[in-house]
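The values are calculated or read from the model by the stated rules, or taken from the named source; none is laboratory data. Source: prediction; values computed, not measured. Glycine gets a Cβ as well: all are built from the backbone with ideal geometry, and neighbour counts include every protein chain shown.
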Amino acid sequence: MQKSISGFSKLSKVEKINWLIANHFGNNKQAKTVLKSYWNEDKKLQQLHDEFIENTISNFYMPFGVAPNFLINERLYVLPMTIEESSVVAAASNAAKFWLTRGGFKTTVLSTEKIGHVHFTFKGEKDTLRNCFETLKPQLLKTTAPLTKNMEKRGGGILDLKLIDYTSKMPHYYQLEVTFETADAMGANFINSCLEQIAVTFETLSKEASNLKGFLPEVIMSILSNYVPNCVVRAEVCCAVDDLSLEGHFTGNKFAEKFIQAVRIAEVEPFRAVTHNKGIMNGVDAIVIATGNDFRAVEAGVHAYAAKSGQYASLSHATLENNIFRFWVDLPLALGTVGGLTALHPMVKFALELLGKPSAKDLMQIVAVAGLAQNFAALRSLTTTGIQKGHMKMHLLNILNQLEANPAEKEQLITHFKTNSVSQRAVFEALKNLRA
Ligand code: MEV
């Protein structure tokens with residue numbers, strides 16, 4: 001039986017590892033060797049990573065790749081991508097190259113508003129609460145002044161504060177809904193601090209407000225929302241339909257027709273929509289992670305946005321009008337280029353420098369382009385050659401590594417599979433034949 005432990009976080013790193021090896025690995029020292037092999041020799045760098053979270057015992061590597069040739073609003077970018085899936089960077093690079101000669105990507109930030117709520121209950125008369133809120137509103141806003149001062153200097157701050165009545169959804173449930181502009185910060189800490197301050201002041205002042213007639217609001221919690229339908233960016237591509245022709249495959253018209261049908265399917269059918277949007281998130285998450293942003297927040301917000309009509313649907317859309325093919329995506333993205341890990345993690349700093357030290361708005365546009373490019377690459381493969389050809393080609397090295405092929409064997413088999421289709425079985429057989 002596994003042993004529980006108290007005070008684990010107080011142990012040193014080595015003590016933690018020793019406890020794990022003794023209790024979960026039957027004292028097998030090999031597990032310890034694996035953990036240690038991922039420690040960084042640079043002690044200062046290792047300590048930085050150790051201190052990002054609690055109970056760090058090692059590092060977990062993800063590949064950091066780059067996708068060049070992204071022409072976005074007439075400017076060329078090399079995109080940093082942190083992702084484990086073999087074919088994603090290659091797909092992004094292909095899509096970038098394809099659109100490089102067709103005008104590149106165009107983007108527009110449609111809105112940048114963030115949102116948070118003080119969730120509370122109130123059992124008295126609605127009108128009494130409304131009147132009390134209107135009276136207290138200026139003081140509630142004023143109470144955040146020490147917190148908003150610096151943000152206001154950077155062009156951000158609180159945009160609005162509203163009382164929302166949700167008693168039709170849950171008895172006695174109301175919200176103070178606060179909207180924010182957070183400039184180049186993602187703003188989670190700023191928003192949550194403001195909300196908590198507003199909540200405390202609201203409860204305190206309510207006790208003094210005689211017009212509430214003995215009923216007091218009770219704050220349940222105060223927290224930002226990761227659903228940001230008013231912080232949206234659009235990325236798009238367009239070209240003459242004839243420019244879409246794929247040699248050896250289709251005319252431009254045929255390609256556009258199939259491509260648009262594929263998008264329509266994702267617009268009307270949730271099973272396909274989820275996979276379609278997952279492909280978009282391949283590009284989005286890779287840059288969100290490389291730039292030190294919170295990919296769980298982005299994922300949650302994007303998928304909620306995809307379901308805003310009441311049915312989960314495609315985030316991207318495509319049309320063919322007057323022989324012009326147009327393909328675009330709207331994504332809600334609350335991102336930051338200051339704060340958080342941005343000035344701490346050396347690879348995040350590198351990624352932001354590679355992108356030319358973007359503002360949060362710039363980063364929203366770059367990330368949306370990566371999502372659109374990924375979606376384009378996936379749909380192009382799916383509607384022409386099928387996805388497995390390209391995917392397995394990129395996965396070949398993983399299979400060869402799994403089979404412990406040596407460098408000479410890898411070289412020969414990579415050449416062999418240039419003209420043969422890749423599968424786990426086929427690679428196994430080819431390696432067996434080579435070794436025989
Ligand atoms: C795989 O990671 C992503 C795709 O499944 C996306 C799609 O089906 O559109 C290829």
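General observations
- All conditions in (1) without any contact (Cβ under 8 Å) to a residue 24 or more places away in the chain; (2) aliphatic (A, V, I, L, M); (3) more than 29 Å from Pro346 (Cα to Cα) hold for Leu11, with the sole exception of (3).
- Test: residue in segment 274-295 that is away from the ligand (no atom under 11 Å from the Cβ), crowded, with 23+ Cβ neighbours inside 10 Å and hydroxyl-bearing (Ser, Thr, Tyr): yes
- Subset of segment 291-306 [in contact with a Gly (Cβ under 9 Å, 6 or more places away or on another chain) and either in a helix (DSSP H, G or I) or at pLDDT below 95 (or both)]: Val302
- Taking segment 2-56 and the helices (runs of 4 or more DSSP H) fully enclosed by it, no element has 3 or more residues that are β-branched (Val, Ile, Thr), assigned by TED's automatic domain parsing to the domain that holds Gly340 and under 33 Å from the mean Cα position of the chain (by Cα).
- Count of residues meeting criterion [within 16 Å of the ligand (Cβ to nearest atom), among the hydroxyl-bearing types (Ser, Thr, Tyr) and modelled with pLDDT of 95 or more] in segment 69-119: 2
- Out of Ala373, Ala368, sole residue that is within 16 Å of the ligand (Cβ to nearest atom) and not in a loop (DSSP other than H, G, I, E, B): Ala373
- Residues that are at pLDDT below 95, among the charged types (D, E, K, R) and at negative phi, drawn from segment 204-241: Lys207, Glu208
- When Pro358 is tested against the conditions (1) surrounded by 12 or more Cβ atoms within 10 Å (Cβ to Cβ); (2) in a helix (DSSP H, G or I); (3) free of Cβ contacts under 8 Å to residues at least 40 places away in the same chain; (4) away from the ligand (no atom under 16 Å from the Cβ), the lone failure is (2).
- From Thr415, Thr419, residue being away from the ligand (no atom under 16 Å from the Cβ), in a helix (DSSP H, G or I) and modelled with pLDDT under 95: Thr415
- Test result for Gly340, surrounded by 17 or more Cβ atoms within 10 Å (Cβ to Cβ), at positive phi and touching a residue at least 60 places away in the same chain (Cβ under 8 Å): yes
- Phe60 fulfils the conditions (1) over 22 Å from Leu382 (Cβ atoms); (2) crowded, with 17+ Cβ neighbours inside 10 Å; (3) aromatic (Phe, Trp, Tyr) except for a single criterion, (2).
- Here the strands (runs of 3 or more DSSP E) wholly within segment 113-217 that include at least 2 residues being of a type in the set (Asp, Glu) are 157-165, 173-181.
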